[in-house]
Amino acid sequence: MNRTCLYVFVVLYFLFALEACSKEKETKSDIPDLVWEDVFPWGQTTLALNDAVVFNIADTAYLGFGQTVLGGNEYIYKYQSENHVAGWWYVLGPFSFLEEGERREAVSFVLDKKVYIGLGYYRKKTAVEFTQRYYDDFYVYDSEEKTWEPLLEFKFPGEARRGAVAFSLGGKGYVGTGLTEDGRCLSDFYEFDPEKGWARIENMVTARWGANAFVANGNAYICFGCLNNDRVHGNWDVQKFNPETKSWEGQLVYFENDEEPSLMKMDGVVSFVLNKNGSDFVYCFGGDFNRDSLDDSYCWGFNSTTNEWKNIGLVQGREYAFSMNNRGYLLKPDLDGVSFIGKVFDFKE
């Protein structure tokens, strides 16, 4: 076989190999479909919240701070899982450290039944006055002792910011990205050890704010977000965090067979994680973006094991998402801004 023929043979071989791999990825994903029902939560609070913080302690969800149609919210509320229609109930507050009774776009992570809440900002704008303040502090709530204290022993080493992300993994908390008061988008990341405090780790590949973070199948992921203060949307990339090397790695993304790869470039995305047969599946709900049509779905399922995405077929706005007892919840303020509306999700049989 001469050199030219050998070259052609090698090229054809790799082309066939690539085609085989592509066809292999075209098989149906195993992302489960969902069924849902509408919910209209109410309770001791009848006012919906914007820019609040949401977290879980075991199988109980909490929502707090943020802003109502009447102004800042000084309280944290607990969701009654036994009656998801009746909804939120007052649990903590008011808090004296909330400037003007308000803190918006804070982040939280949970370690050993203790909740760490921090960062975010306060803003007041009237016809004659505009004031704002960005925060770099954290506070700790002990759910067993029912105590709430500032985290004074370990000062957060990063800049004050809003629109950051946070998650818990392997007994440690992680906080990073966000937007500064002067409009800079951040990529820095920090690890929190409750015994040793904060440590700087590798930056995210792309600076962003308003991103989405979740933990699935023992790994943490961050996706979506804005690239700058003008809300220019970034790629719908998926960055996987390796807790052993404290580093980030971009993930190749695939779509289910015949799926239109039209996942939007979004910020403000929320998500919940549900487990089926020992595997975690992530469901992301679209955030703020410019679109020509509302016919496309806002909701995508993600299998972190195979890096596959699947359009769930649901048009639904978002504000907060969480899971309890392996059911997913999605809530947003109603059009009047006074009450919550939303959906509760189960796996389709």
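The values are calculated or read from the model by the stated rules, or taken from the named source; none is laboratory data. Since this is a predicted model, take the numbers as computed values, not measurements. Glycine gets a Cβ as well: all are built from the backbone with ideal geometry, and neighbour counts include every protein chain shown. Surface areas here come from the heavy atoms of the whole protein model, side chains and all, with no ligands, DNA or RNA. Shrake-Rupley method; radii C 1.70, N 1.55, O 1.52, S 1.80 Å.
Name the single residue, out of those in the stretch 40-56 being modelled with pLDDT of 90 or more and open to solvent by less than 20 Å² (accessible area, probe 1.4 Å), that is farthest from the chain's Cα centre (by Cα).
Restricting to residues being modelled with pLDDT of 90 or more and open to solvent by less than 20 Å² (accessible area, probe 1.4 Å), the top hit is ALA52.
May I ask you to verify whether LYS172 is over 14 Å from the mean Cα position of the chain (by Cα), of a type outside the set (Gly, Ala, Ser) and either surrounded by fewer than 16 Cβ atoms within 10 Å (Cβ to Cβ) or more than 22 Å from SER271 (Cβ to Cβ) (or both)?
Judged against the criteria, LYS172 is not a match.
Take the conditions within 25 Å of the chain's Cα centre (by Cα), at pLDDT 70 or above, farther than 30 Å from SER304 by Cα and not in a helix (DSSP H, G or I) and apply them to VAL91. Does it pass?
In short, yes.
Tell me which residues, restricted to the stretch 142-161, are in contact with a Lys or Arg (Cβ under 7 Å, 6 or more places away or on another chain), touching a residue at least 40 places away in the same chain (Cβ under 8 Å) and open to solvent by less than 60 Å² (accessible area, probe 1.4 Å).
Across the stretch 142-161, the qualifying residue is only SER143.
Yes or no, residue by residue, for (1) of a type in the set (S, T, N, Q); (2) part of a loop (DSSP other than H, G, I, E, B); (3) closer than 30 Å to ASN242 by Cβ; (4) touching a strand residue (DSSP E or B) at 6+ places or on another chain (Cβ under 8 Å):
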residue	(1), (2), (3), (4)
ALA127	no, yes, no, no
ASP136	no, yes, yes, yes
TYR141	no, no, yes, yes
GLU144	no, yes, no, no
GLU149	no, no, no, yes
LEU152	no, yes, no, no
PRO157	no, yes, yes, yes
ALA160	no, yes, yes, yes
SER168	yes, no, yes, yes
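So, in the stretch 151-176, how many residues would count as being touching a Gly at 6+ places or on another chain (Cβ under 7 Å) and hydroxyl-bearing (Ser, Thr, Tyr)?
Residues meeting the conditions: 0.
Rundown of residues vs (1) at pLDDT 85 or above; (2) open to solvent by 40 Å² or more (accessible area, probe 1.4 Å), yes/no style:
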| site | (1), (2) |
| --- | --- |
| CYS5 | no, yes |
| GLU24 | no, yes |
| GLY64 | yes, no |
| GLU74 | yes, yes |
| ARG103 | yes, no |
| PHE109 | yes, no |
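Filter the stretch 183-232 down to the residues that are out of contact with any strand residue (DSSP E or B) (no Cβ under 9 Å at 6 or more places or on another chain), farther than 29 Å from ASP142 by Cβ and of a type outside the set (Gly, Ala, Ser) and list them by number.
ARG184, ASP230
Considering only the stretch 196-212, I want to know if a residue exists there that is at pLDDT 95 or above and closer than 21 Å to PHE281 by Cβ.
No, there is no match, as no residue in the stretch 196-212 is at pLDDT 95 or above and closer than 21 Å to PHE281 by Cβ.
Which of the residues that make up the stretch 168-207 are among the aliphatic types (A, V, I, L, M) and free of Cβ contacts under 8 Å to residues at least 12 places away in the same chain?
Passing the criteria: only ALA199.
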